[in-house]
Amino acid sequence: MIRLALLATALVSGNLAAETLCSLGDLQRVISVEYESNEIAVPCQVRYKKVNEGEITYPWRAERQIGYCEARADALTAKFTALGWTCETQPESNPDLAKDHSASNP
């Protein structure tokens, strides 16, 4: 639980954490976590984008539970991987954030 809180804190440097791109053939899905504030890890929401269809949904949201959005995004990525999709985390636009994230989540 402490690791999740630290990871969530490390990810909250901008309003959008790292994006995970999942691909299967020509199909692409992007999974990410959005934050309302640059200073705290909640409230947050999981952003799910169907790239080919141009459709964006927000299947999960947390008001107070730190780490919930990150755990749901990770679970969705794991589900796609189990179904045969190839998923890769895209680097963050903030180099300091990318360094922090890779150090806390190898």
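Only counting other Cβ atoms within 10 Å, I'd like 36, 63 sorted with the fewest neighbours first.
In increasing order of surrounding Cβ atoms, one gets 63, 36.
Give me, ordered by chain and number, the residues 5 or more places off residue 33 or on other chains with an amide H under 5 Å from its own placed amide H.
Answer set, sorted by chain and number: 17, 47.
How large is ³J(HN,Hα), in whole Hz, for each residue of region 45-53 in order, when computed from phi with the Karplus curve 6.51 cos²θ - 1.76 cosθ + 1.60 and θ = phi - 60°, using x for Gly and Pro?
Couplings: 8, 8, 9, 10, 10, 8, 4, 4, 8 Hz.
Most exposed first by the Cβ proxy, i.e. fewest other Cβ within 10 Å, how do 23, 37 rank?
The order, fewest Cβ neighbours first, is 37, 23.
Whole-Hz ³J(HN,Hα) for each residue in region 24-32, computed from phi via Karplus 6.51 cos²θ - 1.76 cosθ + 1.60 with θ = phi - 60°, x for glycine and proline: what do you get?
Couplings: 9, x, 8, 7, 9, 10, 10, 10, 8 Hz.
Which order results if 42, 33, 51 are arranged by neighbouring Cβ count within 10 Å, fewest first?
51, 42, 33
Would you kindly state how much longer the chain becomes between residue 30 and residue 57 on full extension, computed as 0.36 nm times their sequence separation minus their alpha carbon distance, in nm to one decimal?
Full extension of this stretch gives 8.7 nm more.
Bear in mind that the values in this text are calculations on the coordinates, not laboratory data. Quantities reported herein were computed from a predicted structural model and do not represent experimental measurements. Backbone-built Cβ (ideal geometry, glycine too); neighbour counts: all protein chains shown.
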